[in-house]
Amino acid sequence: MTNCSEKTILHDNVTVGENGTLRFAGVDTAALADKYGTPLYLMDADLIRTRCRLYQSEMKAAFGGASRPLFAGKAFCTKAIYRIMAECGMSVDLVSPGELYTAKAAGFPMERAFFHGNNKTDADISLALDSGVGCFVCDSREELLALDKIAGERAVRQPVLLRVTPGIDPHTFAAVTTGKVDSKFGSPIATGAALELAELALSLSHVELTGFHCHIGSQIFDVQPYVDAADVMFGFIKSVKDATGFVAGTLNLGGGFGVRYTESDPAFDYAAAIRSLADAVKAAAKKHGLPMPTVLLEPGRSIVADAGMTLYTVGTVKEIPGFRTYVSVDGGMPDNPRYALYRSVYTVVNATHADRAPDRAVTVAGRCCESGDLIAEGARVATPVRGDLLAVLVTGAYNYSMASNYNRIPRPPVVFLSNGKDELAVRRESYEDLVRNDL
Ligand SMILES: *Cc1c(COP(=O)(O)O)cnc(C)c1O
């Protein structure tokens, strides 16, 4: 197990063993690579449980009542994680029928599930209703009308939240900003569309409006955008009350708390952020003369990102004098598309020689037929040679869940680590798996 006197790299669950190899969650990565092969995703299940409990206890203490976190499953979606969420008493956020199916297959209690999505088909709506999903997060007029009809056929009244856009720009990367007025998600408060949608929801007999939702973005290190969003949301709740008499009982402020990927990212104090957000929410409720609602947050990244690591084996090391050194690994953009998509920066460690100081800036490349197939550029590592293990840290969020089979590369297995023990959670894909649906 991790012990305070050990040297850690970036996060407490990343340490250096006596033999110089990298350890993750107290387990030797070289031994895991031997047992499972590479590329390999590792998940620190103990950290996941700790984060869930931190969000649960801090939110209960700060907001009171039934306020709680929902794990945003899109960050990392497998049966194993939904079993952990069920065991921890978490609620979850699902954004597609496939995520819904996965949670259900894991035995997750669907009354604790919230169903998102900006374009739910009639089939999605039917599946969610038949699965007993606790709450829909409705995005549009079309969805409300379809839900009312399909719920009516089943003679049920489905609780919903309405997703609205508060017009807050948290100044993160544009592709992960979602709370602005110009967005494919939700209805803008500023144009009056959100109020119209609330009026529509209140007029439908098979839809039970319970409150409102917003999600302003991701990888946000500052609590201020949430405070601003909460203020706008309370102003909106007040205007809905004035127009219709409906007082929202639930306010869902979405996900997006930041995670430390590199030494230059700040360490984020989730407990402190929750406390200052609660202070702001209470002040906003008071200012608008509204009762304190049940507050929901939807952390995804901040529950699983630093609980993850990817292990690769180094193949070709190509030094191009005057340019750079390419270190090619046995994975790449199919298992981690985030550099290709967002230029996301990662910390890379030579896991075979984790005791050596980083002495080389390298470009970590994958093995796809694509020059953009890179994991990192300018990453400082102890000079790697063919056969060394390379670890990419903080890959627990939006890696496995975004993985593809580009170039018909099988997806790596996922191994969960808990109490110093390893357990296979997702098998390595076989070539047979790759052609399974080919006729
Ligand atoms: C992506 C998303 C989340 C999770 O965001 P993180 O940055 O991973 O915390 C939560 N809610 C909604 C609606 C999302 O789209």
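No lab work stands behind these numbers, since they all come straight from the coordinates. Keep in mind that what you see is a predicted model, and the values were worked out from it rather than measured. For neighbour counting, all protein chains shown are included, and Cβ atoms are generated from backbone atoms with ideal geometry for every residue, glycine included.
Reducing the range 410-424 and the range 241-269 to their Cα centroids gives an inter-centroid distance of 31 Å.
If the convex hull of the alpha-carbon atoms of the range 36-99 is projected onto planes in all directions, what is the mean projected area in square nanometres?
Numbers: hull surface 21.3 nm².
The orientation-averaged projected area of the Cα hull of the range 36-99 comes to 5.3 nm².
Can you tell me which aspartates and glutamates have their Cα less than 19 Å from the Cα of residue 180? Leave out same-chain residues fewer than eight positions away. Of all the aspartates and glutamates, those that pass the test against residue 180 - Cα under 19 Å, at least 8 places apart if same chain - are 139, 169, 196, 222, 228, 231, 298. Bridging of residue 79 to aspartates and glutamates at a Cα separation below 12 Å is possible for 99, once same-chain residues fewer than 8 apart are set aside.
If you take the Cα centroid of the range 187-207 and the Cα centroid of the range 291-317, the two points sit 33 Å apart. Pairs of alpha-carbon atoms within less than 8 angstrom and 6+ residues apart define the contacts here; what relative contact order does the range 116-299 have, in percent? So the answer I get is 19 percent.
Distance from the alpha carbon centroid of the range 41-89 to that of the range 129-146 works out to 24 angstrom. Treating only the Cα positions of the range 116-299 as identical point scatterers, give the base-10 log of I(q)/I(0) from the Debye formula at each q in 0.14 Å⁻¹. Taken in order of the listed q values, log10 I(q)/I(0) reads -0.76.
Any chance you could tell me what percent of the C-alpha pair distances in the range 1-113 go past 23 Å? Here the long-distance tail beyond 23 Å is 44 percent of all Cα pairs in the range 1-113.
If both residues of a DSSP beta bridge must be in the chain, then about 50% of such bridges are antiparallel. The Rg/Rh ratio for the chain is 1.00, where Rg is the radius of gyration of the alpha carbons and Rh is the Kirkwood radius. DSSP assigns beta bridges within the range 116-299; of those with both partners inside it, close to 5 percent run antiparallel.
With an 8 Å Cα cut-off and a minimum separation of 6 or more residues, compute the relative contact order for the chain in percent.
On the way: 984 pairs, mean separation 81.4, N = 439.
Taking the mean separation of contacting Cα pairs over the length of the chain, I get 19 percent.
Pairs from the table (7/35; 60/238; 149/287; 7/74; 60/184) lying more than 27 angstrom apart at Cα are 149/287; 7/74; 60/184. Label sites at residue 35 and residue 142, each approximated as a point 7 angstrom past Cα along Cα to Cβ, lie 4.9 nm apart. Once the other residues with Cβ under 12 Å from the Cβ of residue 304 are scored (Lys, Arg +1; Asp, Glu -1), what is the net sum? So the environment of residue 304 carries a net charge of +2. For residue 23, the residues 5 or more places off, or on other chains, whose built amide H falls under 5 Å of its own are 15, 16, 17, 29. The coefficient of translational diffusion for the range 330-439, derived via Stokes-Einstein from the alpha carbon Kirkwood radius under 20 °C and 1.002 mPa s, stands at 140 µm²/s.
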